[in-house]
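One structure is given below, encoded as structure tokens.
The values are calculated or read from the model by the stated rules, or taken from the named source; none is laboratory data. Since we're looking at a predicted model, the values are computed, not measured. Don't worry about glycine lacking a Cβ; one is built from the backbone with ideal geometry, like all the others, and counts go over all protein chains shown.
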Amino acid sequence: PYEVLIVGGGPAGAAAAIYAARKGIRTGLVAERFGGQVLDTMSIENFPSVEYTEGPKLAASLEAHVRSYGVDIITAQRAKALHPAGATGDMAGVELESGATLRARTVILAPGARWRQTGVPGEADYRTKGVTYCPHCDGPLFKGKKVAVIGGGNSGIEAAIDLAGVVEHVTVLEFDGKLRADDVLQRKLASLPNTAVHLNAQTTEMIGDGGKLTGLRFSDRTNGQVSDLELAGVFVQIGLLPNTEWLKGAVELSPRGEIVIDDRGQTSAPGVFAAGDATTEPFKQIVVAMGGGSTAALSAFDFLIRHSAP
Ligand code: FAD
């Protein structure tokens, strides 16, 4: 059995593994894909002390760093259930889809998150060919062009404000009859001349020429009228889904499915800690996830000291 078993090999899980292994305790890490979302990231320019790097490069150095401590890394395996230790202080179990169960005295959950998709025709075909999910990453690619943002929540309106400074024009499409973003963001958006908002707008198709996106089609939910927009880019901002479906019932999740943690990374289950995009931590960024991972590992170590036989 492990003293610390980490589920997830993104920035949060990797940082947790380094901090745990440096305490000289038996550390395992199980991940479907080592690197997590970082693998899907082209340029990273906000990792302090590194002016510019690329996702796959950062993921490779993270893996090399974790391996240098002799962490037992198990990849290409998905966890399907967590069985926290019982009140009697026995081991926790992490059940894998392969059928095996890994046992550990403490568990750190770092399964990350994924962007929610609209699921309309064309979205998958034009992904990275005009359809994108990350304004901070891809905004500059559409300099001087027309784009749309799907979603009128805080992330959608923040994206629209951000993009308006870079692109020619931004159209926001909101499914509901009103925007859900904070008032201060809505007022800021309304003050920008190169933006427009369509409420009750149901996106029905992302249109392209076979090679790249050229626009989208939406219908007005109040009267069924169909309209087409000519666009170079579509930013889908309808939510980030935590990869926590398999944790229901094992630890407390927020209404959005995020693992509820305190400022020490403690979950509702004793001996189970969590970090990164899968948790209630409000900011979903690489350095934030790494900070959370190190906090969770130090908390797990503290737990082990207090709960080991003298
Ligand atoms: P993730 O990176 O999501 O890693 C989750 C890990 O858990 C993976 O190893 C995954 O395989 C594994 N996993 C999930 N479920 C299971 C399971 N059931 N069993 C086993 N393993 C599982 N942030 C920045 O700071 N700067 C940027 O420039 C930046 N650009 C981004 C660009 C894109 C396109 C995207 C998608 C994100 C970007 N981010 C950026 C956000 C950043 O990538 C995330 O905040 C960060 O990766 C979160 O780390 P994490 O370890 O919590 O989760």
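As a summary of the residue check, Thr118 satisfies the conditions (1) hydroxyl-bearing (Ser, Thr, Tyr); (2) within 14 Å of the ligand (Cβ to nearest atom); (3) modelled with pLDDT of 95 or more except for the one numbered (2). Considering Thr222, Thr203, the condition of being among the hydroxyl-bearing types (Ser, Thr, Tyr), farther than 23 Å from Gly36 by Cβ, in a loop (DSSP other than H, G, I, E, B) and more than 16 Å from the ligand (Cβ to nearest atom) is satisfied by Thr222 alone. Evaluating Met91 against the criteria (1) at pLDDT 95 or above; (2) on the phi < 0 side of the Ramachandran plot leaves one unmet condition, (1). Scanning the range 242-281 for residues that are modelled with pLDDT under 95 and within 14 Å of the ligand (Cβ to nearest atom) yields a count of 0. Considering only residues that are surrounded by fewer than 20 Cβ atoms within 10 Å (Cβ to Cβ) and out of contact with any Lys or Arg (no Cβ under 7 Å at 6 or more places or on another chain), look in the range 228-250 and name the one that is nearest to Ala124 (Cα to Cα). Among those residues, the one meeting the criterion is Glu245.
As a summary of the residue check, Val94 satisfies the conditions (1) in contact (Cβ under 8 Å) with a residue 40 or more places away in the chain; (2) within 15 Å of the ligand (Cβ to nearest atom); (3) surrounded by fewer than 22 Cβ atoms within 10 Å (Cβ to Cβ) except for the one numbered (3). Selection over the range 1-44 of residues that are touching a strand residue (DSSP E or B) at 6+ places or on another chain (Cβ under 8 Å) and without any contact (Cβ under 8 Å) to a residue 12 or more places away in the chain gives a count of 0. Only residues that are among the hydroxyl-bearing types (Ser, Thr, Tyr) and within 21 Å of Leu241 (Cβ to Cβ) were counted in the range 265-310, giving 4. I'd like to check something: does the range 36-52 contain any residue that is near the ligand (Cβ under 9 Å from one of its atoms), at pLDDT 95 or above and within 19 Å of Ala274 (Cα to Cα)? Within the range 36-52 (the criterion being near the ligand (Cβ under 9 Å from one of its atoms), at pLDDT 95 or above and within 19 Å of Ala274 (Cα to Cα)), the answer is yes, since at least one residue qualifies. Can you find a residue in the range 55-63 that is within 14 Å of the ligand (Cβ to nearest atom), within 25 Å of Asp302 (Cβ to Cβ) and of a type outside the set (Ser, Thr, Tyr)? Scanning the range 55-63, I find at least one residue that is within 14 Å of the ligand (Cβ to nearest atom), within 25 Å of Asp302 (Cβ to Cβ) and of a type outside the set (Ser, Thr, Tyr), so the answer is yes. If you go through the range 282-307 and pick out every residue that is free of Cβ contacts under 8 Å to residues at least 40 places away in the same chain and away from the ligand (no atom under 13 Å from the Cβ), you end up with 4. Would you please name the residue that is nearest to the ligand (Cβ to nearest atom), looking only at residues in the range 70-86 that are in contact (Cβ under 8 Å) with a residue 12 or more places away in the chain and in a loop (DSSP other than H, G, I, E, B)? Looking at the filtered set, the residue picked out is Arg78. Scanning the range 13-61 for residues that are surrounded by fewer than 16 Cβ atoms within 10 Å (Cβ to Cβ) and among the aliphatic types (A, V, I, L, M) yields Leu39, Met42, Val50, Ala60. All told, Gly99 falls short of being away from the ligand (no atom under 16 Å from the Cβ) and over 28 Å from Met290 (Cα atoms).
Going residue by residue through the range 98-116, is there one that turns out to be touching a His at 6+ places or on another chain (Cβ under 9 Å), surrounded by fewer than 20 Cβ atoms within 10 Å (Cβ to Cβ), outside any strand (DSSP E or B) and not hydroxyl-bearing (Ser, Thr, Tyr)? Among the residues of the range 98-116, not one is touching a His at 6+ places or on another chain (Cβ under 9 Å), surrounded by fewer than 20 Cβ atoms within 10 Å (Cβ to Cβ), outside any strand (DSSP E or B) and not hydroxyl-bearing (Ser, Thr, Tyr), which makes the answer no. Of the strands (runs of 3 or more DSSP E) lying entirely inside the range 232-303, those containing at least 2 residues that are over 30 Å from Lys143 (Cα atoms) are 272-274.
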